Amino acid sequence: MTDAAEAAANEVVAKNAVVAKEVAEAEFERFLDAMDLVPERHDLRGDDLDEFQDAKARILLAIRRGHLVIDEEGQPVYTPQVGEREPITFYEPTGATYTAKPAMAGRGGKRKTPDEMDRMHAMLADMTRQPIVRFKKMKGRDVKVCHAIWSIFFAG
């Protein structure tokens, strides 16, 4: 996200925010620390770093709007804005989650193939203990937040 785009987004969010920017950033860091994702983000370069920054911005926006919280164990808990509004907890991925990890051919601004999206949704279903169909039927504004959380877990 460019500095100008980030400033404009922050202005819009500030009007509707229920969580202060500094609090959202602290919660994001607590999530990274709890899931031991700290070392990975320091090694990111190029497209991987861009993807991380975009995912972080989307997550911070969801936290500031009050749709995403980090629970006491450091797990993201997202409440969708439309459709099924039952909160979704993102648990730390297991070995089974990693075996379903899709190829990252969709990075660098390219769209993921339908097969890659299916595998991403299978991974989301595994790490949230939700049926895969929940992610397939989810509206764009909600699935984008879920994809951002997935991206942070599997960055790099």
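Remarks
- Here L44 clears all of (1) closer than 16 Å to F135 by Cβ; (2) at pLDDT below 95; (3) open to solvent by less than 30 Å² (accessible area, probe 1.4 Å) except the condition numbered (1).
- Some residue of segment 76-96 being in a helix (DSSP H, G or I) and at pLDDT below 95: yes
- Scanning segment 125-141 for residues that are loosely packed, with under 12 Cβ neighbours inside 10 Å and touching a Leu at 6+ places or on another chain (Cβ under 6 Å) yields nothing.
The values are calculated or read from the model by the stated rules, or taken from the named source; none is laboratory data. Computed from a predicted structure; not experimentally measured. FYI the Cβ positions are ideal-geometry reconstructions off the backbone, even for glycines, and counts take in every protein chain you see. What goes into the accessible areas is simple: the full protein's heavy atoms, side chains included, and nothing from ligands, DNA or RNA. Shrake-Rupley method; radii C 1.70, N 1.55, O 1.52, S 1.80 Å.
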